[in-house]
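**Q** Quick one: structure below, then a few questions.
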Amino acid sequence: MSKIGFSPIKIKSFSKIKTYDDTLPSLKYVVLEPAGFPIRVSSENVKVSTDDPVLFNVYARDQWIGEIVKEGDYLFDNSILPDYAFKVISTYPKEGGMITSETVFKLQTPKKVLRTQFKKAKFSEIIGQEEAKKKCRIIMKYLENPKLFGEWAPKNVLFYGPPGTGKTLMARALATETNSSFILVKAPELIGEHVGDASKMIRELYQKASESAPCIVFIDELDAIGLSREYQSLRGDVSEVVNALLTELDGIKENEGVVTIAATNNPAVLDPAIRSRFEEEIEFKLPNDEERLKIMELYAKKMPIPVKANLKEFVEKTKGFSGRDIKEKFLKPALHKAILENRDYVSKEDLEWALKKILKDRREVPQHLYL
């Protein structure tokens, strides 16, 4: 079992007779994570957790007392779930040692990065972005009929543009309109704490996508893991994530009916090796005057109390705002102000107040934070 370099000690579990080596450090605690079976058992997905840490400790000590482990090793269940593996996430002392009757165990739930539930959206909700919509039509055609495309499928697409311009909304609309599954993952969540975590998460992500096809895998904030090498000192070593992701984007495993859409605010900082994997890049732009008015009118209709103001007066004043800015930073604060003042409508004064607050906040925040 052990890879630590000590002499292995085999415990005869039937007699429960435990042998100790006094020369080895005793482990104070061991953090475990359910890892699963070394081979697929039928098609069953066994999930392991505990509601009683004290009971789990009694069970764990009885199972593994005398075992020698370090971080990265595996402990196998020998009774209830034969050969079920638990990965050793960390130990104290850090260099590893022997499990004793005093060792404290903690069962850690693996980090979940897959989110398959999503808010439905329609293309009618997307104001502007007409060029992006046209380019997305080929993705729709593919998701509706994957077999038609074969090796000519639009597998990897990059959405880029300023924050709040509708990249995530477009992806959700594509999934909704084609009745496809949708998996959203933030790129930073793919960076594991331990070697092997990232590649495992990415494999599971695409396995889930393949099982749920037709499916869109939406990777947000791609630049968090895909920075060009000249910027890598800013992000640390995420080569494991990048390599595992490149394997999937290269289509080494054919995932029919799966489209990867990645989003970034700044494609120029992406590593060329990653950027080259996207056969299509679709730009999302800030709304123009006409589009900003339509966005304001659309959200005003959804507000719980009416807006009693001429929204046309705010078109020029909101120049440079994204759709998200208009909703979250302009209309929402104005609505909250009206509600707090016990009024049953949003006034022009509320909107003016919200606008001044936005501009004041932007002047106080260093400009490089917007980049």
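The values are calculated or read from the model by the stated rules, or taken from the named source; none is laboratory data. Owing to the predicted nature of the structure, the values given are computational and were not obtained by experimental measurement. Every residue, glycine as well, gets a Cβ built from its backbone with ideal geometry; the counts of neighbours run over all protein chains shown.
**Q** Any chance you could count how many residues in the range 26-49 are surrounded by fewer than 16 Cβ atoms within 10 Å (Cβ to Cβ), part of a loop (DSSP other than H, G, I, E, B) and at pLDDT 65 or above?
**A** 6
**Q** Please enumerate the residues belonging to the range 144-191 that are of a type in the set (S, T, Y) and either assigned to a loop (DSSP other than H, G, I, E, B) or assigned by TED's automatic domain parsing to the domain that holds E328 (or both).
**A** Going through the range 144-191, the residues of a type in the set (S, T, Y) turn out to be 160, 165, 168, 176, 178, 180-181.
Those that are of a type in the set (S, T, Y) and either assigned to a loop (DSSP other than H, G, I, E, B) or assigned by TED's automatic domain parsing to the domain that holds E328 (or both): T165, T178, S180.
**Q** If K133 passes every condition in (1) outside any loop (DSSP other than H, G, I, E, B); (2) at pLDDT below 90 but one, which one does it miss?
**A** Status for K133: all satisfied but (2).
**Q** Among the residues of the range 143-178, count how many are surrounded by fewer than 21 Cβ atoms within 10 Å (Cβ to Cβ), touching a Leu at 6+ places or on another chain (Cβ under 8 Å) and within 27 Å of I326 (Cα to Cα).
**A** The total comes to 2.
**Q** Sticking with this one: Among the listed residues R275, R343, R324, R362, identify the single one that is assigned by TED's automatic domain parsing to the domain that holds K155 and basic (K, R).
**A** After ruling out the rest, the residue left standing is R275.
**Q** OK, next. Which of the residues spanning the range 311-329 are surrounded by fewer than 21 Cβ atoms within 10 Å (Cβ to Cβ) and assigned to a helix (DSSP H, G or I)? Talk me through it step by step, then tell me what you get.
**A** Initially, the range 311-329 is screened for residues surrounded by fewer than 21 Cβ atoms within 10 Å (Cβ to Cβ), giving 311-313, 315-317, 319-320, 324, 327-329.
Scanning the range 311-329 gives L311, K312, E313, E316, K317, R324, K327, E328, K329.
Quick grid of which residues meet (1) in contact with a Lys or Arg (Cβ under 7 Å, 6 or more places away or on another chain); (2) at pLDDT 90 or above; (3) crowded, with 16+ Cβ neighbours inside 10 Å; (4) closer than 30 Å to N145 by Cβ:
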| position | (1), (2), (3), (4) |
| --- | --- |
| I191 | no, no, yes, no |
| A198 | no, no, yes, no |
| E211 | no, no, no, yes |
| S228 | no, no, no, no |
| G236 | no, no, no, no |
| T247 | no, no, no, yes |
| E254 | no, no, no, yes |
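**Q** Sort out which residues of the range 52-92 are at positive phi and out of contact with any Pro (no Cβ under 9 Å at 6 or more places or on another chain), and write them in order of number. Lay out the reasoning, then the answer.
**A** Step one: list which residues in the range 52-92 are at positive phi, which gives 66, 72, 83.
Within the range 52-92, G66, G72 meet the criteria.
**Q** Additional query: Step by step: first the residues of the range 330-357, then only those that are hydrophobic (A, V, I, L, M, F, W, C) and surrounded by fewer than 17 Cβ atoms within 10 Å (Cβ to Cβ), then the one that is nearest to T165 (Cα to Cα). Which residue is that?
**A** Within the range 330-357, the subset hydrophobic (A, V, I, L, M, F, W, C) is 330-331, 334-335, 338-340, 346, 351, 353-355.
From what is left, the residues that are surrounded by fewer than 17 Cβ atoms within 10 Å (Cβ to Cβ) are 339-340, 353.
Working: I339: 28, L340: 29, W353: 24 Å.
So, considering only residues that are hydrophobic (A, V, I, L, M, F, W, C) and surrounded by fewer than 17 Cβ atoms within 10 Å (Cβ to Cβ), the one nearest to T165 (Cα to Cα) is W353.
**Q** Condition check: surrounded by fewer than 20 Cβ atoms within 10 Å (Cβ to Cβ) and part of a helix (DSSP H, G or I). Does E281 satisfy that? Give the steps one after another, and end with the answer.
**A** Working: surrounded by fewer than 20 Cβ atoms within 10 Å (Cβ to Cβ): yes; part of a helix (DSSP H, G or I): no.
In short, no.
Each row is one residue, and each column tells you yes or no for (1) in contact (Cβ under 8 Å) with a residue 60 or more places away in the chain; (2) farther than 17 Å from L249 by Cβ.
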| position | (1), (2) |
| --- | --- |
| F118 | yes, yes |
| A121 | no, yes |
| A132 | yes, yes |
| R137 | no, yes |
| K141 | no, yes |
| G150 | no, yes |
| K155 | yes, no |
| F159 | yes, no |
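**Q** Only residues in the range 199-211 that are of a type outside the set (S, T, Y) count as the first member; pair them with residues that are in a helix (DSSP H, G or I), Cβ under 6 angstrom, at least 6 apart or cross-chain, and list the lot.
**A** The qualifying pairs are M201/L190; I202/A244; I202/L245.
**Q** So which residues in the range 291-344 are among the hydroxyl-bearing types (S, T, Y) and free of Cβ contacts under 8 Å to residues at least 40 places away in the same chain?
**A** Step one: filter the range 291-344 for residues among the hydroxyl-bearing types (S, T, Y), giving 299, 318, 322.
Scanning the range 291-344 gives Y299, T318.
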